1. Using a Gaussian network model of chain C with C-alpha springs under 10 Å, which one of C:L296, C:L284, C:L199 is most mobile by mean-square fluctuation?
2. Please compute the volume of the convex hull spanned by the alpha-carbon atoms of the protein assembly as shown and report it per residue in Å³.
3. Which percent of Cα-Cα pairs in segment B:184-244 sits in each 10 Å bin, short to long?
4. If the viscosity is 1.306 mPa s and the temperature 10 °C, what Stokes-Einstein diffusion coefficient in µm²/s follows for segment B:99-244 when Rh is the Kirkwood radius over Cα pairs?
5. So what's segment C:1-117 giving for Rg/Rh, alpha carbon basis, Kirkwood Rh from the mean inverse pair distance?
6. Between segment A:99-147 and segment A:61-89, what's the alpha-carbon centroid distance in Å?
7. Using only alpha carbon positions, build the gyration tensor of segment A:8-110, then give the equivalent ellipsoid semi-axes as the square roots of 5 times its eigenvalues, largest first, whole angstrom.
8. From the gyration tensor of the Cα coordinates in chain B, what semi-axes in whole Å does the equivalent ellipsoid have, largest first, with each one equal to sqrt(5λ)?
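None of the figures in this text is laboratory data; all of them are computed from the coordinates on show. Owing to the predicted nature of the structure, the values given are computational and were not obtained by experimental measurement. Glycine gets a Cβ as well: all are built from the backbone with ideal geometry, and neighbour counts include every protein chain shown.
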Amino acid sequence: MTVFLQSLLSGILVGGAYALIGVGLTIIFGVMRIINFAHGDLVMLGMYAAYFLFTLGHVDPFVSVVFVFPLLFLFGALLQKTVINRVLDALPQNQILLTIGIGLIISNTMMLLFTSDYRIISTSYSSGSFRVGEISVSTPLLLSFVITAAVTAVLYWFLMKTDTGQAIRATAQDRDAAQLMGVNVKRMSVLATGIGAGLAAVAGALISPTYYIFPQVGQPFTLKAFVIVVLGGMGSVLGATVGGVLIGATESLAGAYVSSGLKDLVVYVLFLLILLFKPAGLFGKSRA
Amino acid sequence: MSSAPGAILEMRSVSKFFGGLAANSDVSFSMTQGMILGLIGPNGAGKTTLFNCITGYYPPSRGEIRFKGERMNGLTPDQVCKRGMVRTWQKVRPLAKLSVLDNVVVGALVRTGSVPAAREIAREQLEVVKLGHKAAFLAGGLPIGERKKLEVARVLATKPDLLLLDEVMGGLNPAESEDIIQLILDIKKRGLTQMVIEHDMKAIMRISDRIVVLNSGEKLAEGAPQEVVSNPEVVTAYLGEAHV
Amino acid sequence: MARPRRPRGLSVLPVAAGVAAVVLLALLPRLVDSPYALHLMVTFFLAVIMGSAWNLIGGYGGQYSVGHAAYFGIGAYTVLILLNTGGLAPWWGLGPALLLAMVVAAVVGSITFRLRGPYFVLASIAVAEIMRLAALNWKDLTNGAEGILLSSVPPLEIAGRVVTRFDSKVPYYYTGLGLAVLVVLVTVWFQGSKVGYYLQAIREDQDAANSLGIPLTLYKNVALVLSAFFTACAGALYGLYVGFIDPQTAVGLDVSVQIVLTAIIGGIGTILGPVVGAALLVALSEGLRSNVLTDLLVAVGIVNPDSAVGGFLRDNLSHAHMLIYGVLVALTILFMPDGVLGGVKNQLRRRRARASAGGAA
């Protein structure tokens, strides 16, 4: 029972970061209907940003979130304006190929610049934990979950209560209608990509104390982000939040009960099952 | 709601629901071989939905569709086509990167496994719709009138018994519409049965043997063209849209 | 703005050119005594096979599988495992490998072909990743991350007489050439066949195709199974030729991406597109690896070899494979979605249209 609760808890805590990654992806999809296959590499960039801020600037990774978000926000916005904007009307398969290409460019440029050497961030609390009864709670994971919750709360406030946030939601719901209502949909696309990238990078920064950092680390995050988003329903922020936590928990339990080598495989099989039986996901609308 | 003996198509209390919305509600009528049935009604009356149910794009929620005596509910579109029923689309759907001839070949291939034989059939059908001279052109580059003709040639190549034409005159100028009307009458002469959705009332009056009027998903009226068109309920339903 | 298309079917000139090319290629090992040249050609043939195989389902069918590494890996692993542990000669081992690839393709197709566009792409990636993880973790069968090192290929004997030994590159060259020619001929047949017509109809408009009597999943599966067959052939040849495979090099996402890239760069949905793409990519790969590109940049004067940039390029460009591939994918999608061959065709068509318009005026 302890094993179950233990892995469930760590899974939920990691799931917080997964949720951020998923929310970022779903916002991008929601507004532009583009499946961003470079998303995991944006997470990786967040991890490297946190790493360099830590080693060169002695900035704690959890604090670095403040710098990482705007940095990657700008990067995402730039990416949208220069490249992604050109394929908004292309075949969906071509859009995916383009983002696959972008992902390859990002990860391989990092490899050229920084080599494939594993980097790690060791803070004083990196391996810290404390006990609640029989269960040990990892300190960095708990901290990251708390910050994730805070970021998610800010995001919800932004989307629900601010004019810009509502404009983004309107664009995601019906691009043409939003345009007719006076929303600058081009600007919304840029914003959405910026926010999506920023959130992915923040997630990367938050989990950087607990992961090896290397250029190819983004790839599994991309696929997992898709599982999360499909599970939650493409375009649904709530769905991605719930989906992230669910996938984190599933992965962790699979690692404990099946094998740590196969936990990714379990997630991908789950992905196929969702695509087959409930492609609209938990909160999504039925559109193919 | 009695079943007409020898009817080629029977619609028995067909209903289609989308969530809470009844797009088609308890629609019944039948068609005999060789007739042209005009299906009319204001926008949103459920005409295209009915076509979609008949051709298997989705199954009806209730009721039964019988074609040549066989129950069609739940068959997939390709199965429906093989049994002899085929449709054109309200928004034309050419196979854009294929040539005009190849578009029709695709239709012909449902009846033969041989590509040369299919080409022969395709050439014939292109002549019927008078597009033979454009056989080598890319379908995607054709103007709208010719795209509509191409679609008719394509479905004719499947050697259907029943042809469902969805606003095949939509967006055409009078000369092009006249071509299509002649085409429909020619097709009738060859013994094919046709159900035609159309907004052009003059055309419908000319070609239809019978007319069924849909409104808000329900069958409002059915009968010979003159009766239907002078039916006060029908006129009311069409208020502002009548071309008569 | 309709433009006339050349009628289908083969005309004399391309066929004659093709035959001449094949004859030349068949004679090459006798004329040229360079193992390096042979190696380049084997790599080229492999790329042609993989790109053309993908083209059947991706180019003609419009179903962009980015998980074809699954079939490549099945081909490579099955043949090598049967050879190493079972002592089964590769020409016999190929049978089970191809059968397995086709069965897996049929199953995967039945499951994933109901998904539209981008969802299908994602599902295909997930399937390949599942295969890779299975290969990584099923250590008893596949040696996991350590990979499989080929022991040796037995000589090919027919009726007790040795036809060829596999101690030089030459037999691999001819096998590669044979398979490449075969897959191109299959593509020619495919394009003019009922299956080919139906696949293209599905690609252009799936619902319209369905309403014209085409059972969608059945025909997509036919194309996928055929595609998997040849992809597995390529995998088997690769495993035997290189002599070593592991989950990353045989089933990794990079393999799938390279396959797709080969087809789209050349021009999808055309017979020669994958051949052009293969030639471009292999030339580029070798240019990178042998520092020819760097030397070229230096020779032209763009880069100073002693500068920081020059030194950097010299040390690193040879490893920049996937980076360049990524750039190529992006550039192709952005500026040349019909590929090199498609772009050339479009240019020719535009020039012909202008000429005829000018002539008519």
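1. Greatest mean-square fluctuation among the candidates belongs to C:L296.
2. Details: hull volume 195.9 nm³, N = 893.
Spelled out: Cα convex hull of the protein assembly as shown, divided by residues, is 219 Å³.
3. 20, 55, 21, 4
4. Answer from the Stokes-Einstein relation: 96 µm²/s.
5. Ratio value, two decimals: 1.07.
6. Distance between centres, Cα-based: 20 Å.
7. Working from the Cα gyration tensor, I get semi-axes of 26, 17, 12 Å.
8. Listed largest to smallest, the semi-axes of chain B are 29, 21, 16 Å.
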